[in-house]
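Novice: One structure, as C-alpha cells, below. Some questions next.
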Amino acid sequence: IQRLSARANIGGIYMKQNQYRAALNAMLPCWQEVKSVGYNVLTLKFLSIILKSYSSLGDYQSVAQYMQYADRVMDGMAAGSNGVLGILEVKADLLGKQHRYAEQLALVDSIIASGTHNQAMPLDKMLRTKAQCLENTHRNAEALSFMNRAFAVLDSVKQSDIEKSMSEFTVKYKTLETEMALAESRRETAEKANQVLWLVVAVVLLLGVVGIMLYRRRIAAQRALLHEKQSYIDGLESERERIAKDLHDGVCNDILATKLLLATDSIHAEQYLDDVWRNVRQLSHELMPPCFSTLALDAVVSSYVAAISRNGSRDISLNIDPAFDWGSLPQHVAYEIYRIIQESTANAMKYGDHTGIDISLTVNDGNLSVCVVNGIGIRPADGRHTSNHGIGQQTLQKRADRIGAKLTVDEAGMRHRLTLICRLTTT
C-alpha cells in the first residue's frame with residue numbers, strides 16, 4: 001500500500017505540472033495491482049488522478065469508464081473523505097464540460113448542503129463552481145451573488161491565514177525576544193562574574209604586594225635597628241677599650257711610679273698622687289652620662305670644659321653660638337654631639353702638644369657645625385689621631401653616622417682639626 005501510495009504521489013506531481021500524459025503513464029501500469037489490493041482509500045486516490053488527467057486531455061470516454069468503477073467504490077464510504085470529494089469534483093467538472101449544467105448544479109448543491117468540504121475542495125471553490133453553473137444557465141443575478149459569497153469566503157480564509165501567520169509571528173517574536181533577554185541576562189551575569197573574579201584577583205595581588213612591602217619594610221627596620229644597636233655596642237666597646245688603655249697607661253703607671261717614689265722621694269710621690277687624682281677625676285667625668293632632660297647641649301659642654309680646665313692641664317677656649325636655642329635639639333642628637341666633643345677633646349689632650357684647644361659650636365643656614373682644633377704633638381705608633389681607620393676615629397664616625405652628620409678630620413700646618421656638620425630638622 002505504501003509503495004502504491006508513493007506511485008500515486010508521483011502521478012499527482014506530474015498532474016500539478018500539467019503533464020497529464022506522464023501522470024497516466026505513472027499510474028495505469030499499477031492499476032490492476034491497486035484493484036487487487038482492494039484498499040478503497042488507495043483506489044480512490046488513483047482514480048482521482050486518472051480521472052482528472054483524462055478529463056484535462058479531453059478523453060471523456062475513458063473518464064466515463066473509470067467513473068463507473070469510482071461510483072462502485074464510493075458506495076458506502078463517508079461523503080467527507082478526501083477521496084470521495086476528489087471524485088465528486090471530477091464528476092462536477094465533467095458534467096460542466098458536457099454542458100449538463102443542471103446536473104452539475106444539483107451535485108454542487110448536494111456537496112454544499114452536506115457541509116463536507118475540506119482543504120482539497122474548499123467552500124469558496126464550490127461556490128465559484130455553483131456561480132459558474134448559474135451563469136451557464138443564464139441566472140446571472142444569482143451567479144453574481146454566489147460569486148460575491150465565494151470572494152467573501154476567500155477573503156475570510158485569507159484574513160484568517162494572515163491572522164494565524166501574525167499570531168505565529170508574534171509568538172515567534174515573543175519567544176525570540178525572551179531568548180534574547182535570557183541571553184543578555186546570561187551575558188551580563190557572566191560579565192559581572194568576570195569583573196568580580198578580576199577584582200578578587202586584583203585585591204589578592206594588591207594584598208600580596210602590600211604584604212611583601214610591609215614584610216620588607218619590617219625586615220629593613222629590624223636590620224636598621226640591629227645595625228644601630230651593633231654600632232652602639234661597638235662604640236661602647238671602643239670607649240671601654242680606650243678607657244681601659246687610659247687606666248693602664250696613665251693611672252696604673254702613675255700609681256706604680258708613686259709606689260716606687262714613696263720609698264725614696266715623698267715630695268715627688270705627692271705630686272704623682274695629685275696627677276693620679278686629676279686623671280681619675282677626668283675619667284669619672286667622661287664616664288658619667290650627661291642629663292639632657294634638664295640641661296641643654298651648651299650647658300653640658302660648658303660644664304665639661306670647665307671641669308677639665310679646673311685641672312689646669314690644658315688651656316681650652318669654648319665658643320658657643322648664643323643665638324641658637326640649644327634646648328631644641330633632640331636628646332639623642334645632643335648626646336652624640338657631646339660624646340664626639342668629649343672624645344675628640346680627650347684625644348687632643350692626650351696626643352696633642354701643650355698649646356690650647358679651641359672648641360666651637362655654631363649654627364648657620366640650618367647646619368650645626370662643631371669644630372675641635374688642637375696643636376699636633378707626638379704621633380703615637382698607631383697613628384690614632386691622624387688615621388681615619390683608628391679605633392677612636394671609627395667610634396667618632398659611627399656616632400656621626402647615627403645622627404646623619406658629616407665628620408671630617410684634617411691637618412693644616414701644625415694644627416689638627418675635627419669638623420662635624422649636622423643638618424638641623426624642623427622636628
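The values are calculated or read from the model by the stated rules, or taken from the named source; none is laboratory data. Computed from a predicted structure; not experimentally measured. Neighbour counts are summed over all protein chains in view; Cβ atoms, including those assigned to glycine, are modelled from backbone coordinates with ideal geometry.
Novice: Take segment 310-331 and flag every residue that is under 18 Å from CYS371 (Cα atoms) and either outside the structural domain of LEU424 (by TED's automatic domain parsing) or at pLDDT below 85 (or both).
Specialist: Step one: list which residues in segment 310-331 are under 18 Å from CYS371 (Cα atoms), which gives 314-324, 326, 329.
Once the filter is applied, which keeps residues that are under 18 Å from CYS371 (Cα atoms) and either outside the structural domain of LEU424 (by TED's automatic domain parsing) or at pLDDT below 85 (or both), segment 310-331 yields ARG314, ASP315.
Novice: For segment 29-39, does any single residue satisfy the condition of being surrounded by fewer than 21 Cβ atoms within 10 Å (Cβ to Cβ), polar (S, T, N, Q), in a helix (DSSP H, G or I) and out of contact with any Leu (no Cβ under 9 Å at 6 or more places or on another chain)?
Specialist: yes
Novice: While we're looking at this one, here's another question. Does segment 126-135 contain at least one residue that is touching a Phe, Trp or Tyr at 6+ places or on another chain (Cβ under 6 Å), among the polar types (S, T, N, Q) and closer than 30 Å to ASP71 by Cβ? Break it down into steps so the answer makes sense when it comes.
Specialist: In the first step, residues of segment 126-135 are kept if they are touching a Phe, Trp or Tyr at 6+ places or on another chain (Cβ under 6 Å); the result is 127, 130-131, 133.
Checking which are among the polar types (S, T, N, Q) leaves us with none.
No, every residue in segment 126-135 fails to be touching a Phe, Trp or Tyr at 6+ places or on another chain (Cβ under 6 Å), among the polar types (S, T, N, Q) and closer than 30 Å to ASP71 by Cβ.
Novice: Being within 55 Å of the chain's Cα centre (by Cα) and either modelled with pLDDT of 85 or more or not assigned by TED's automatic domain parsing to the domain that holds PRO322 (or both) is the requirement here; does LEU361 meet it? Please lay out each step first, then the result.
Specialist: Values: within 55 Å of the chain's Cα centre (by Cα): no; either modelled with pLDDT of 85 or more or not assigned by TED's automatic domain parsing to the domain that holds PRO322 (or both): yes.
For LEU361, the condition - within 55 Å of the chain's Cα centre (by Cα) and either modelled with pLDDT of 85 or more or not assigned by TED's automatic domain parsing to the domain that holds PRO322 (or both) - is not met.
Novice: Separate question: Hey, does segment 405-414 have a residue that's modelled with pLDDT under 90, in a loop (DSSP other than H, G, I, E, B), within 60 Å of the chain's Cα centre (by Cα) and in the same structural domain as TYR304 (by TED's automatic domain parsing)?
Specialist: No; the residues of segment 405-414 include none that is modelled with pLDDT under 90, in a loop (DSSP other than H, G, I, E, B), within 60 Å of the chain's Cα centre (by Cα) and in the same structural domain as TYR304 (by TED's automatic domain parsing).
Novice: Also, I was wondering about something else. Could you list, in sequence order, all residues of segment 62-76 that are touching a helix residue (DSSP H, G or I) at 6+ places or on another chain (Cβ under 6 Å) and without any contact (Cβ under 8 Å) to a residue 24 or more places away in the chain? Spell out the reasoning first.
Specialist: So the first thing to find is which residues in segment 62-76 are touching a helix residue (DSSP H, G or I) at 6+ places or on another chain (Cβ under 6 Å), and the list is 62-63, 66, 70, 73-74.
Hits for segment 62-76 are SER62, TYR66.
Novice: Against the conditions (1) assigned by TED's automatic domain parsing to the domain that holds PRO122; (2) over 16 Å from ARG128 (Cβ atoms); (3) of a type in the set (Ser, Thr, Tyr), where does SER145 fall short? Just the number, please.
Specialist: For SER145, the exception is condition (2).
Novice: Name the residues in segment 119-141 that are part of a loop (DSSP other than H, G, I, E, B) and touching a residue at least 12 places away in the same chain (Cβ under 8 Å), would you?
Specialist: Result: ALA120, MET121, PRO122, THR137.
Novice: Follow-up. With (1) within 25 Å of ARG423 (Cβ to Cβ); (2) modelled with pLDDT of 85 or more as the list, and LEU295 as the residue in question, which single condition is left unmet?
Specialist: (2)
Novice: If only one of LEU24, LEU4 is of a type in the set (A, V, I, L, M), at pLDDT 90 or above and either under 18 Å from VAL63 (Cα atoms) or exposed (fewer than 14 other Cβ atoms within 10 Å of the Cβ) (or both), which one is it?
Specialist: None of the others qualify; the one that does is LEU24.
Novice: Residue check, LEU144 against (1) of a type outside the set (D, E, K, R); (2) part of a helix (DSSP H, G or I); (3) at pLDDT below 80, all met but one. Which one?
Specialist: The failed condition is (3).
Novice: Here's something else I'd like to know. Just wondering, is there one or more residues in segment 46-53 that are of a type in the set (S, T, N, Q), assigned to a helix (DSSP H, G or I) and out of contact with any helix residue (DSSP H, G or I) (no Cβ under 6 Å at 6 or more places or on another chain)? Walk me through how you get there before you give the answer.
Specialist: Residues of segment 46-53 that are of a type in the set (S, T, N, Q), as a first pass: 48, 53.
Still in the list and also assigned to a helix (DSSP H, G or I): 48, 53.
Checking which are out of contact with any helix residue (DSSP H, G or I) (no Cβ under 6 Å at 6 or more places or on another chain) leaves us with none.
So far as segment 46-53 goes, no, none of its residues is of a type in the set (S, T, N, Q), assigned to a helix (DSSP H, G or I) and out of contact with any helix residue (DSSP H, G or I) (no Cβ under 6 Å at 6 or more places or on another chain).
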